[in-house]
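So the structure is just underneath, and the comments pick up after that.
The values are calculated or read from the model by the stated rules, or taken from the named source; none is laboratory data. Owing to the predicted nature of the structure, the values given are computational and were not obtained by experimental measurement. Positions of Cβ are backbone-derived with ideal geometry, glycine not excepted, and every protein chain shown enters the neighbour counts.
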């Protein structure tokens, strides 16, 4: 393997344990890797405010949030692929007839539903993503109606749907942020279908609890997130070789 210039990692179910925390071992391992000059980027579906506490802990060199809708370097939005009005209003209106498990979330750069302070320089116009957790599956007619205009992804929980700009993917956003680097110089860790694209493009590592899509896309495999798989893989492949 070529010595990586960047480490990219998903957060939930990958870098984080099941309780949503970063272990001491993982933090220490990342610090040792970064001390060797390797940069660190997070790539998560979390929105602006949900990711904030982890950004303060991890202090990444770059980040991709909202599943690829925003790319941020040094606190500034440099990549934006959003949903615009009137499409947002139309989509929310057509979702109303479907029973929900939890209130539908619309992520903006000022947080869910656009309230709150601006956390990054350069506010992105439009919504980064819409997350709807329904009681049942979306009918085929609905999926067909929106095909081409919006990417609809069923997430890790049954009937939890993400609606996004077709170009708002982790693969596209990370590729843009790290466009000066060859894919072999980037190691990417992930677990769910939204990670599969970047795992395929870069030196992909799927944790043991990953979806079948991510396991198939990855070149390498690691222990599960609950076993600190990312940190153990980095220790074995990057730190033990030096």
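Before moving on, here are some points about what is shown:
- Of all positions in region 172-189, at least one carries a residue that is in contact with a strand residue (DSSP E or B) (Cβ under 9 Å, 6 or more places away or on another chain), part of a loop (DSSP other than H, G, I, E, B) and within 25 Å of residue 77 (Cα to Cα).
- Residues in region 59-85 that are crowded, with 20+ Cβ neighbours inside 10 Å and without any contact (Cβ under 8 Å) to a residue 40 or more places away in the chain: 60, 63.
- For region 17-37, the criterion of being surrounded by 15 or more Cβ atoms within 10 Å (Cβ to Cβ), at negative phi and within 14 Å of the chain's Cα centre (by Cα) is met by no residue.
- Matching residues, region 171-186, being over 13 Å from residue 62 (Cβ atoms) and either buried (at least 22 other Cβ atoms within 10 Å of the Cβ) or under 16 Å from the mean Cα position of the chain (by Cα) (or both): 171, 172
- Entry remark, region 211-228: residues being within 12 Å of residue 189 (Cβ to Cβ) and in contact (Cβ under 8 Å) with a residue 40 or more places away in the chain number 2 in total.
- Residues within region 205-219 that are in contact with a strand residue (DSSP E or B) (Cβ under 8 Å, 6 or more places away or on another chain) and under 21 Å from residue 22 (Cβ atoms), tallied: 6
- Residues of region 29-45 that are over 21 Å from residue 75 (Cβ atoms) and in contact (Cβ under 8 Å) with a residue 40 or more places away in the chain: 29, 32, 33, 36.
- Taken together, the residues in region 35-58 that are under 21 Å from residue 188 (Cβ atoms) and out of contact with any strand residue (DSSP E or B) (no Cβ under 9 Å at 6 or more places or on another chain) amount to 4.
- Listing of helices (runs of 4 or more DSSP H) fully contained in region 1-100 that carry 1 or more residues being outside the structural domain of residue 207 (by TED's automatic domain parsing): 87-95
- Single residue of region 161-170 satisfying the filter (crowded, with 18+ Cβ neighbours inside 10 Å and in contact (Cβ under 8 Å) with a residue 40 or more places away in the chain) that is farthest from residue 211 (Cα to Cα): 165
- The selection criterion, being more than 30 Å from residue 33 (Cβ to Cβ), at pLDDT below 95 and part of a strand (DSSP E or B), holds for residue 130.
- Subset of region 187-209 [touching a residue at least 60 places away in the same chain (Cβ under 8 Å) and either under 15 Å from residue 44 (Cα atoms) or buried (at least 24 other Cβ atoms within 10 Å of the Cβ) (or both)]: 187, 188, 189, 190, 191, 192, 194, 195, 198, 202, 207
- Restricting region 137-160 to residues that are out of contact with any helix residue (DSSP H, G or I) (no Cβ under 9 Å at 6 or more places or on another chain) and in a strand (DSSP E or B) leaves a set whose member that is surrounded by the fewest Cβ atoms within 10 Å (Cβ to Cβ) is 160.
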